[in-house]
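The next block holds one structure in the form of structure tokens; read it before the comments.
The values are calculated or read from the model by the stated rules, or taken from the named source; none is laboratory data. As the structure is a computational prediction, the values presented were derived from the model and not from experiment. Cβ atoms come from the backbone with ideal geometry, glycine included; neighbour counts cover every protein chain shown.
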Amino acid sequence: MADRDQIQAEMKPPWRGFHHIALVTPDLDAKIELYRDILGMTVLFTAPPTEINGRHAAILPGEGYLGLHFFEQSDAELFTPPDPATLYWLPGALHHISFALSDEAAAHTLRERLQSQGIAMTDIMRQRDTTYNMLFQDNNGMLLEAAWEEPVTASQP
């Protein structure tokens with residue numbers, strides 16, 4: 001049994017996490033504006049259309065590889081739920097993207113920024129003992145989540 005476990009461990013690819021998530025948008029400029037100017041993320045590159053695809057851009061929410069890779073398709077059909085608190089489940093569809101924030105102060109700063117832009121969001125919710133989040137939609141109706149952990153104090157296990 002140990003030999004089989006060792007062989008399986010050696011056969012596993014050395015994954016390092018996500019490289020990127022590819023998404024479609026009908027308006028790349030508006031997408032870049034939201035993610036860069038309102039959410040404060042980094043635009044790694046924008047690229048012109050090619051024979052294979054339209055304009056595209058990579059947006060990095062923190063550290064890592066490309067992060068989100070948006071491809072522009074002007075006639076893209078988008079599903080938009082009625083509000084950010086609506087739970088909807090479409091088989092095989094991306095439900096939401098969750099971004100990790102550093103702490104509660106960053107979450108309140110983001111809330112103020114979203115409110116100043118008229119972007120609706122849920123109240124802050126407690127998901128587990130030390131995890132909090134809030135949901136909102138991007139400019140194409142994609143459900144986004146900002147999540148953060150409560151600091152662990154010495155008295156907590």
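Considered as a group, the residues in segment 67-89 that are closer than 21 Å to N133 by Cα and in contact with a Pro (Cβ under 6 Å, 6 or more places away or on another chain) include one that is modelled with the highest pLDDT, and that residue is G67. Taking the numbered list (1) farther than 27 Å from H19 by Cα; (2) outside any helix (DSSP H, G or I); (3) of a type outside the set (K, R); (4) modelled with pLDDT of 90 or more in turn, Q115 passes all entries but (2). Of all residues in segment 21-41, exactly one satisfies the criterion of being modelled with pLDDT under 95 and either of a type in the set (S, T, Y) or in contact with a Gly (Cβ under 6 Å, 6 or more places away or on another chain) (or both), namely T25. Could you tell me which residue of segment 46-76 is farthest from I97 (Cα to Cα), considering only residues that are in a strand (DSSP E or B) and more than 18 Å from the chain's Cα centre (by Cα)? My answer is A47. Screening G92, G64 for residues that are surrounded by fewer than 13 Cβ atoms within 10 Å (Cβ to Cβ), modelled with pLDDT under 85 and in the same structural domain as D27 (by TED's automatic domain parsing) leaves exactly one candidate, G64. The residue that is nearest to R111 (Cα to Cα), counting only those in segment 43-58 that are among the β-branched types (V, I, T) and at pLDDT 95 or above, is V43.
Residues are listed down the side, and each one gets a yes or a no for (1) among the charged types (D, E, K, R); (2) free of Cβ contacts under 8 Å to residues at least 60 places away in the same chain:
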| site | (1), (2) |
| --- | --- |
| V43 | no, yes |
| R55 | yes, yes |
| P91 | no, yes |
| L101 | no, yes |
| M134 | no, yes |
| N139 | no, no |
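On the stretch given as segment 109-124, residues that are free of Cβ contacts under 8 Å to residues at least 60 places away in the same chain and either in contact with a Leu (Cβ under 8 Å, 6 or more places away or on another chain) or within 19 Å of D37 (Cβ to Cβ) (or both) total 9.
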